[in-house]
Every structure is written in C-alpha cells, then in structure tokens.
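Participant: One structure follows; several queries about it will come next.
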Amino acid sequence: MSSVAEVRPPDRRRPNRVLVVVGVLAVSGLVAMAGIGWFLFGAGRSTPITPLGPATFAEETSTAGLDQTYDGPLAYFTGGGLATLDCDGDGLLDAYVAGGTAEAALFRNESAVGGAVRFRRAPDPATDLLDVTGAYPLDVDGDAHVDLAVLRIGENVVLRGLGDCRFERANERWALDGGNEPTMAFAATWEGAATLPTLAFGQYVDPEPADPTHPCHANTLVRPVAGGSTYAPPTELAPGFCALSLLFSDWDRSGRRDLRVSNDQHYYVDGEEQLWRMDPGAPPVPYTGDDGWVRVNVEGMGIGSYDVTGDGYPDVYLTSQGENRLQTLTAGPDRPTYRDIGLRRGVLADRPFTGEDELPSTAWHPEFDDVNNDGFIDLFVSKGNVRQQEDFALRDPSNLLLGQADGTFVEAADRAGILSFDLGRGAALADLNLDGMLDLIEVNLGSPVRLWRNVGAGDAATPRPMGHWLGIRLVQPGPNRDAIGAWIETRIGDIVARRELTVGGGHASGELGWTHVGLGSATTAEVRVQWPDGTMGPWQRVAADGWVEIARGAEPRSWTPKR
C-alpha cells in the first residue's frame, strides 16, 4: 500500500516529536476536514477550535471492581481483548473481558453519573467461558438486546443477549459453525436486506500445518442463508496469513463494505495485508495490484479507522512491531491505492517514548477518539512485548497521541497519567460514568486489567470537563437496529467531522454504545446521518453536553441517565 517513501529522521529513538508540515495541503475538497481542517477553517470564524493539552486520568484499578487477568501459554500471547456494551439498557457500558486460560468475565457497570467507576462481576455459565481471546458486541437478531461474538482458541461462540445482562449460547439457534481454530480477529456488517449480519473470523497460526512454509489458517466468512434467519456454511478466505485484525469498511463511500485484513508478517513468507471486495451475493475477491492495491507487509496487530485527513474517506492506522502505519488514499476512491503519512503526522510510535529501552515497540490496539473534547481527534495505541522477545522493547508504554492544529499528533500518555509498563493488549476508550469524558480500560497479558477515569482539567475529587461534547446513538427499524455502516457527520460552522460506525478492528476488542464527539468551545452543533443504505438524513441542530438518540426519520431526542 505504501507507494510514497518518506525520509526518516536520523534519530529514530523519539519519533513522536511535533513535525511541521509545509506544502502538503494542496488537496482538493478541503471544505470538510477533520483534524487539520478544524484549524484551517476555524480561524476567523464564530466557532474557532483550539487544541488543548492532555486530560488528566485518575487510576481506579484497585477500586473499580474490574478484577480480571488475561494470561496463558504461547498460543494466547496475541489475544487479550474486551467488549464494552450496554447489556441492561441503563445507558452505562458494561464490560466482558477475556481471560485466556482463566474464565472470561462479565462485569455490570454500577457507576454513579460523574462519580468513581464501579463494576460488579456477574457470574454466569454462559459467559464464564475458557480459552477466550477477545469479544465484539453487536445486535445479531435486531431484538434490541446486545449479543456477543466471543473469540476463542477452539470453538467461537455467539452469545444471544436476553436482557438484564443475561446471555445464552446461540450457535445452534443460528446454525453458526464456530470452527475449532485459534481466533484473534472479528468483524461484522449487514449486506443488502439480509436479516442477519455477515460475520468474518480471523484465524491465526496452525500449530500442525500440512505445509510448514504456510503455517496460517484460512480466515472464514459466514453469510446468512438468503431470506432466512440462520447461517450458511462458512466460506474460506484463502490464503490466510495469520490475521490479527479485521474490519468491514466503506473505504470508497460506494455503499459496499469491503473487508480489510491485517496479518502478522512473522508467520508468512509470501503474504501481505489484504482487502477483499464484498459484493452482496457474490463470492469475495481479493484486490490485487491490477486493481491499484499496493503491497504492504507489517506484523499486523490492529486496525484503527477514522477520517483523519478530512477528505471524506476513512484513513487506517495499522499497528505493528516497529513502525506503525497511517494509510490514506492517494487520489480518491477510484482505486484502493494508499500511501503512508505516519511520519509526517507524528504517529509512527516505533520506539518507547520514555524510559531507557530504545528497542522497537510492539503495538496492539489502536483507537481514534477525542479524549480532551477539544474537537481534534486523538489516538490511543496499546503497547507491550509479546512476552519476552529480546529484539523488542521489554518496557514499552502505551501511547496517547493528541491531535494538533497542524494535523500532527504529540505524545501525552505520561502527562495524562496513564503511564504503565504492563504488557498491553486490547483496550477501550469509553465514557464509563456518563460524564462526557472518555475513560480508559486496558487489558494486559499476565497482569490485571487497568482502568483510568478521565477527570478532565480537574482531579479525582473534583472532575472538570475541558471542552464541550456530544454522545450520539443511532436507531433504525429492521435487523440492523444500531445502523452499523452508517456515517455520523458533526458540523460546527463550516467544519465537518465524520465517523463510520463499524464492528471490528482494534485488537480483539469491540465497543457498542454512544458515539462520542468532542466539540471544543462550541455549545451547539449540527448532526447528519448517512444511513447504511446510503440515504442521507437532514442536518439537525443539537445542544452540546448531552446524550442524543437519533432515530431514522425522526427529530433528535435527548436522553438522560437515570442514576
């Protein structure tokens, strides 16, 4: 994919310095840019946007009640995720956390609004599964109860939500073949008028391959029976190159959601990152060089997606060992040809940003969100050695990269208070106490889950927001109730930020709930939704600092927490 080479700085030990970019903005269609565009078009307007410093995070690991440790032998080293979801309908996000060789665990969120984060474990044989590597929430059957796709070493299990944070095994109900391979990645989308979503499972290393030079399992695609409420037998996506992240995304805004696969180069010889064309009703077909796809090889761990450049199309952040990649389309949506802009944007994050260890980093879960509510998108990247790989940093803290007015990012994890040298894996940026500030959960290999509460410009005793914000939830009739595949556009004056709603990406970790939007100093904003079928809704004005439910064809409706 990387068709444009970038000159590396001579000192690569601290790659996340602020980089001044001159003469790189000769791009058409700057009328709606997120990140850099917020600065360019905000200047001199009635709603200027100013980048802020890091929010303060107060660690509440020991008191939050999220008592879980992910661990296991070699086969489990690349897992370790969680799902955040509202399984009891109170608006608060609950958590389902993988355990590896220990039981996975479901935790109900009992936090008071704006208060300390509190979870309580909810034991249940349906959810207390062994060999879980990660999980993703989605409403499979459209009954308004969130379900869980549970990834395992062995049979994958889809749990059907019954309400009140109760679940039941649903593989047989939906005729879903869970396989028996080590699964580390998942993604889902709805195709056409299908009643059930299309599911993709990313398989990892085959411990006993028939051909030792090709030790990776093929990935699997599961589509529903046409017009039915069960699944057809799975289709192999071959060749497989040891996938660690999958994402369905409308990368060209055509209305078709293709499947991106991030693969671990450590295990393949002739493989690469992949993009499969997904025409409804037709077999998936991989894009090749003839289609404009440019080969890229990384130790692919996770996929993050957001319209960073503001051109209206999703950019992708690929985590790896050593340099991470920020990929953007080179010349619009006609061909899936990408170039890397990670260096100029300051997000290579290829070495520990602090400490004495200067060996290459190992990155896992990437997530774009606005942690300080200044209107500039930020980027969290979990880090941690595979276990004790001597060629890579053993003390490798996760990154919190804050978006700046010139489109670059700067490191702020230490200043924000989330500095840790645990072996980070999956994570979630989510507002756990409904105060409008994004908190952080990070799963680690071999040590307890860590939780930090975002207290903004205040402290644990007196939190104080740094900017204005919105929490948005979409609802539409039919099977895809949560409007997966929709685009949410938020406009302040001439500035438009865009986010695609997806199930997948990250590293073994998924979120389903409120979509968070930072607004900076703006006290109102306009919101527009492009629904999954391509229908564009109208611009609708909403007030800042609240929760808004947008139902298809209706006016926005405010929501108030009951606690």
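Participant: What number goes with the only condition from (1) assigned to a strand (DSSP E or B); (2) touching a Pro at 6+ places or on another chain (Cβ under 6 Å); (3) not acidic (Asp, Glu) that GLY485 does not pass?
Facilitator: If we test GLY485 against (1) assigned to a strand (DSSP E or B); (2) touching a Pro at 6+ places or on another chain (Cβ under 6 Å); (3) not acidic (Asp, Glu), just (1) comes out false.
Participant: Further, regarding this structure: Taking into account only those residues within the stretch 285-302 that are assigned to a loop (DSSP other than H, G, I, E, B) and either open to solvent by 10 Å² or more (accessible area, probe 1.4 Å) or among the basic types (Lys, Arg) (or both), which is nearest to ARG335 (Cα to Cα)?
Facilitator: TRP293
Participant: Name, by its number, the condition in (1) buried (at least 18 other Cβ atoms within 10 Å of the Cβ); (2) of a type in the set (Gly, Ala, Ser); (3) farther than 30 Å from GLN389 by Cα; (4) without any contact (Cβ under 8 Å) to a residue 40 or more places away in the chain that does not hold for ALA282.
Facilitator: For ALA282, the exception is condition (1).
Participant: Give the residues of the stretch 535-563 that are open to solvent by less than 40 Å² (accessible area, probe 1.4 Å) and either within 25 Å of ARG256 (Cβ to Cβ) or modelled with pLDDT of 95 or more (or both), sorted by residue number.
Facilitator: Scanning the stretch 535-563 gives GLY537, GLN540, VAL542, ALA544, GLY546, TRP547, VAL548, GLU549, ILE550, ALA551, PRO556.
Participant: Now for a different question. Could you tell me how many of the residues in the stretch 453-468 are open to solvent by 20 Å² or more (accessible area, probe 1.4 Å) and in a strand (DSSP E or B)?
Facilitator: Summing the residues that are open to solvent by 20 Å² or more (accessible area, probe 1.4 Å) and in a strand (DSSP E or B) in the stretch 453-468 gives 2.
Participant: Something else about it: Could you list, in sequence order, all residues of the stretch 271-307 that are farther than 20 Å from ALA187 by Cβ and among the hydrophobic types (A, V, I, L, M, F, W, C)?
Facilitator: Listed by number, the list holds a single entry, VAL294.
Participant: Also, quick follow-up: Answer with yes or no whether VAL386 is under 30 Å from GLY446 (Cβ atoms), in contact with a Gly (Cβ under 9 Å, 6 or more places away or on another chain) and not acidic (Asp, Glu).
Facilitator: Here the answer is no, as VAL386 does not meet what is asked.
Participant: Which one is farthest from ASP315 (Cα to Cα), of the residues in the stretch 378-399 that are touching a Ser or Thr at 6+ places or on another chain (Cβ under 8 Å) and charged (D, E, K, R)?
Facilitator: This residue is ASP396.
Participant: To continue, here is another question. Could you tell me how many of the residues in the stretch 204-251 are more than 17 Å from THR189 (Cα to Cα), touching a Pro at 6+ places or on another chain (Cβ under 8 Å) and among the acidic types (Asp, Glu)?
Facilitator: 1
Participant: Counting just the residues of the stretch 265-279 that are in a loop (DSSP other than H, G, I, E, B) and open to solvent by less than 60 Å² (accessible area, probe 1.4 Å), which one comes out farthest from GLY192 (Cα to Cα)?
Facilitator: Going through the qualifying residues, I end up with TYR268.
Participant: Right, something else. Would you be able to tell me the number of residues in the stretch 223-255 that are at pLDDT 95 or above, part of a loop (DSSP other than H, G, I, E, B) and among the hydrophobic types (A, V, I, L, M, F, W, C)?
Facilitator: Selection size over the stretch 223-255: 6.
Participant: A further question on this structure: Residues that are surrounded by fewer than 18 Cβ atoms within 10 Å (Cβ to Cβ) and modelled with pLDDT of 95 or more, at least 1 per element: which strands (runs of 3 or more DSSP E) completely within the stretch 37-119 meet that?
Facilitator: 56-59
Participant: Identify, by number, the condition in (1) out of contact with any Leu (no Cβ under 7 Å at 6 or more places or on another chain); (2) open to solvent by 10 Å² or more (accessible area, probe 1.4 Å); (3) in a strand (DSSP E or B); (4) not aliphatic (A, V, I, L, M) that GLY478 doesn't meet.
Facilitator: With respect to (1) out of contact with any Leu (no Cβ under 7 Å at 6 or more places or on another chain); (2) open to solvent by 10 Å² or more (accessible area, probe 1.4 Å); (3) in a strand (DSSP E or B); (4) not aliphatic (A, V, I, L, M), GLY478 is out only on (3).
Participant: Another question about this same structure. Report, by residue number, each residue of the stretch 525-541 that is without any contact (Cβ under 8 Å) to a residue 24 or more places away in the chain and of a type in the set (A, V, I, L, M).
Facilitator: MET536
Participant: For the stretch 402-452, which positions are outside any strand (DSSP E or B), of a type in the set (A, V, I, L, M, F, W, C) and in contact with a Phe, Trp or Tyr (Cβ under 8 Å, 6 or more places away or on another chain)?
Facilitator: Correct list: ALA405, ALA413, ALA416, ILE418, LEU434, MET437, VAL449.
Participant: Restricting the search to the stretch 505-555, which residues are among the β-branched types (Val, Ile, Thr) and part of a strand (DSSP E or B)?
Facilitator: THR515, VAL517, THR524, VAL527, VAL529, VAL542, VAL548, ILE550
Participant: Can I ask one more? List, please: which pairs have Cβ atoms under 6 Å, are six or more places apart or on different chains, and start with a residue in the stretch 180-196 that is surrounded by fewer than 23 Cβ atoms within 10 Å (Cβ to Cβ) and end with one that is assigned to a strand (DSSP E or B) and of a type in the set (Ser, Thr, Tyr)?
Facilitator: Filtered contacts from the stretch 180-196: GLU191/THR198.
Participant: Can you tell which of SER305, SER262 is closer than 23 Å to ILE488 by Cβ, touching a residue at least 24 places away in the same chain (Cβ under 8 Å), part of a strand (DSSP E or B) and touching a Ser or Thr at 6+ places or on another chain (Cβ under 7 Å)?
Facilitator: Result of the check over SER305, SER262: SER305.
Participant: If you don't mind, another one. For the stretch 292-302, check the following and say yes or no: at least one residue is out of contact with any Cys (no Cβ under 9 Å at 6 or more places or on another chain) and more than 22 Å from GLY202 (Cα to Cα).
Facilitator: Yes, there is a match, as at least one residue in the stretch 292-302 is out of contact with any Cys (no Cβ under 9 Å at 6 or more places or on another chain) and more than 22 Å from GLY202 (Cα to Cα).
The values are calculated or read from the model by the stated rules, or taken from the named source; none is laboratory data. It should be emphasised that the depicted structure is a prediction, and the values quoted were computed from it without experimental measurement. Cβ: placed from backbone, ideal geometry, glycine included. Neighbour counts: every protein chain shown. Accessible surface areas use protein heavy atoms only, side chains included; no ligands, DNA or RNA. Shrake-Rupley method; radii C 1.70, N 1.55, O 1.52, S 1.80 Å.
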